[in-house]
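See below for the structure under consideration.
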Amino acid sequence: AQRVTQPEKLLSVFKGAPVELKCNYSYSGSPELFWYVQYSRQRLQLLLRHISRESIKGFTADLNKGETSFHLKKPFAQEEDSAMYYCAPTNTGNQFYFGTGTSLTVIP
Amino acid sequence: NAGVTQTPKFRILKIGQSMTLQCTQDMNHNYMYWYRQDPGMGLKLIYYSVGAGITDKGEVPNGYNVSRSTTEDFPLRLELAAPSQTSVYFCASSYRQGLSYEQYFGPGTRLTVT
């Protein structure tokens, strides 16, 4: 069965500190991986996707196929990064399996 | 361009009642999805559609029905509401963009069944 694990429900870091949100997946085939974010009072929205190899708002995510992980990282956290983050792999493009989410709080 | 809209925003149902959650998108997306999110849990896929007239079950379809008569609309029907269906429901749509499928989400409907 497909499985996505985000081990930290809550994560607090100080402003300017590095942040890493963990995501481990168990998937058949070669999934495409996404990170979605939900800021307070806003809709869930795409943050970044693995295939684009992009950096969005200073965040990057590295796919480690050996460890089946897709951790989200940012070297210097900002207060506006406080939000709920979801890891979401898909193997067909039709079905996404969202993790339980990590609530990130950046302390001023 | 409103994106994905959902109605109602909130609803309280009694056990055994039925209702339809509405979802409309104006982006001409082929793919549409319904998710539910229980407290402290991730989103779980209920049903999805790859185009008008085509629907398929997701991870948790029991107790729900959908239809897709137009590209824009993807209503979710609860026939006999049960307390286990208390949740926040999200509708989403996506288009094909190479190998990646970004989803655009609606604001959600908070449903309570008592």
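The values are calculated or read from the model by the stated rules, or taken from the named source; none is laboratory data. Please read these numbers as outputs of a predicted model, since none were measured by experiment. Ideal geometry is used to build each Cβ from the backbone, glycine not excepted, and the neighbour counts take in all protein chains shown. Only protein heavy atoms, including side chains, enter the accessible area calculation; ligands, DNA and RNA are left aside. Shrake-Rupley method; radii C 1.70, N 1.55, O 1.52, S 1.80 Å.
Structure notes:
- Residue among A:Ser30, A:Ser40 that alone is open to solvent by 40 Å² or more (accessible area, probe 1.4 Å), of a type in the set (S, T, N, Q) and within 26 Å of B:Tyr31 (Cβ to Cβ): A:Ser30
- Counting only strands (runs of 3 or more DSSP E) that sit wholly inside the range A:51-108, those with at least 2 residues that are free of Cβ contacts under 8 Å to residues at least 40 places away in the same chain are A:60-64.
- If you filter the range B:72-83 down to residues that are of a type outside the set (A, V, I, L, M, F, W, C) and at pLDDT 95 or above, you find that the one that is least open to solvent (accessible area, probe 1.4 Å) is B:Pro75.
- Some residue of the range B:1-16 being without any contact (Cβ under 8 Å) to a residue 60 or more places away in the chain and surrounded by 12 or more Cβ atoms within 10 Å (Cβ to Cβ): no
- The single residue among A:Gln38, A:Gln78 that is within 11 Å of chain B (Cβ to nearest Cβ) and not charged (D, E, K, R) turns out to be A:Gln38.
- Selection count where residues are open to solvent by 40 Å² or more (accessible area, probe 1.4 Å) and at pLDDT 90 or above, scope the range A:56-78: 6
- Members of the range A:79-104 that are of a type in the set (S, T, N, Q) and surrounded by fewer than 14 Cβ atoms within 10 Å (Cβ to Cβ): A:Thr92
- Filter result (open to solvent by 50 Å² or more (accessible area, probe 1.4 Å), within 20 Å of B:Ser87 (Cβ to Cβ) and not in a loop (DSSP other than H, G, I, E, B)) within the range B:17-54: B:Gln22, B:Lys44
- Residues that are closer than 20 Å to B:Met41 by Cβ, open to solvent by less than 40 Å² (accessible area, probe 1.4 Å) and either modelled with pLDDT of 95 or more or among the small types (Gly, Ala, Ser) (or both) do not occur anywhere in the range A:12-20.
- Taken together, B:Ala52, B:Ala81 contain a single residue that is more than 14 Å from every other protein chain (Cβ to nearest Cβ) and out of contact with any strand residue (DSSP E or B) (no Cβ under 8 Å at 6 or more places or on another chain), which is B:Ala52.
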